[in-house]
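Each value in this text was obtained by applying a stated rule to the coordinates, not by laboratory testing. This structure is a prediction, so every number in the text was calculated from the model and none was measured. In this analysis, Cβ positions are derived from the backbone assuming ideal geometry, glycine residues included, and neighbour counts consider all displayed protein chains.
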Amino acid sequence: MNYNNIVFWGDSLTFGARTYGCFPMYLVDLLNSATPYNWRAINRGVNGYTARDLWFKVNWELEKLTDTYLSCVLIGTNDCSELSDSSIFKSYLQQLLDAIYIKKGKRIYLGEIPGIVQNAHPFFPKETIEKRIELNNVINEICSNDKRIELVRFDLSIECFEDSVHFSEKGNMSVAKSFFTKIINS
């Protein structure tokens, strides 16, 4: 059997909070339809995670993964709500990406932090939107300085969200298509 494992690292957006589906599931469906392989999603998304939390998780769980060379990373929404220091965010993110690469990661796809809908949600006030821009600049810088990492951008409308940050099924499919396009064209 020809197969490929793909591991997904992230927060509630990767986990699929607020919906029954999740973008990793939809992405594997797209890859199964477009390639001669059977793809397996390994979803390591955890609700509430920041880059710091993910750094700990990656370093622990990478040792258990075998035969897995592709990674998709989507992290940073909770760093925005916590107004995380951008230089510390950068260190955690760069180190977790390096850990994936050192553990035989052949391709790493890093998603930008998706939009935050300003709708009076107590965890996502106006400052989080400004922090998102700052942290996305960090993500852009990491990707432009490290050719091992592919930046994945998203074009999401208001219908792509269930609340201020979590994807609707339409949003999950849109994010999956963005990752799919990068993977197929790499």
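For this structure, a couple of remarks:
- Full-extension gain in nm, ASP146 to ASP85, via 0.36 nm per residue minus C-alpha separation: 19.8 nm
- Comparing GLY171, GLY76, GLY21 in a Gaussian network model of the chain, where Cα atoms under 10 Å apart are tied by springs, the biggest mean-square fluctuation is seen for GLY21.
- The stretch 42-112 - convex hull of alpha carbons, volume per residue in Å³: 79
- Taking every full run of DSSP H in the chain, the ones that stretch at least 20 Å from end to end by Cα along their long axis and average 0.5 or higher on the Kyte-Doolittle scale are 86-102.
- Each Lys and Arg adds +1 at its Cβ and each Asp and Glu adds -1 at its Cβ; summed about the Cα centre, the chain shows a dipole of about 620 debye.
- Distance from the alpha carbon centroid of the stretch 108-139 to that of the stretch 14-86 works out to 18 angstrom.
- Straight-line cross-link partners of LYS106 among the aspartates and glutamates, defined as a Cα under 18 Å from its Cα and at least 8 positions apart when in the same chain: GLU61, GLU63, ASP67, ASP98, ASP146, GLU150.
- Put simply, the C-alpha atoms of the chain give a gyration tensor, and the ellipsoid matching it has half-axes of 25, 20, 14 Å, longest first.
- Where chymotrypsin sites (Phe, Trp or Tyr not before Pro) fall in DSSP loop in the stretch 1-104, at most 11 other Cβ within 10 Å: TYR20
- Per residue, the average separation of C-alpha pairs within less than 8 Å and at least 6 apart gives the stretch 1-108 a relative contact order of 34 percent.
- Tensor-based shape of the stretch 81-130 (alpha-carbon gyration tensor, a/c under 1.5 rounded, otherwise prolate or oblate): prolate
- Full-stretch length increase - ASN59, ARG40 - with 0.36 nm per residue and alpha-carbon distance subtracted: 4.7 nm
- Cα gyration tensor shape for the stretch 113-186, rounded if a/c is under 1.5, else prolate or oblate: oblate
- Considering only alpha-carbon pairs that sit under 8 angstrom and 6 or more positions apart, the relative contact order computed for the chain is 26 percent.
- Between ASP155 and TYR101, the C-beta separation translates, for a Förster distance of 25 Å, into a calculated FRET efficiency of about 0.35.
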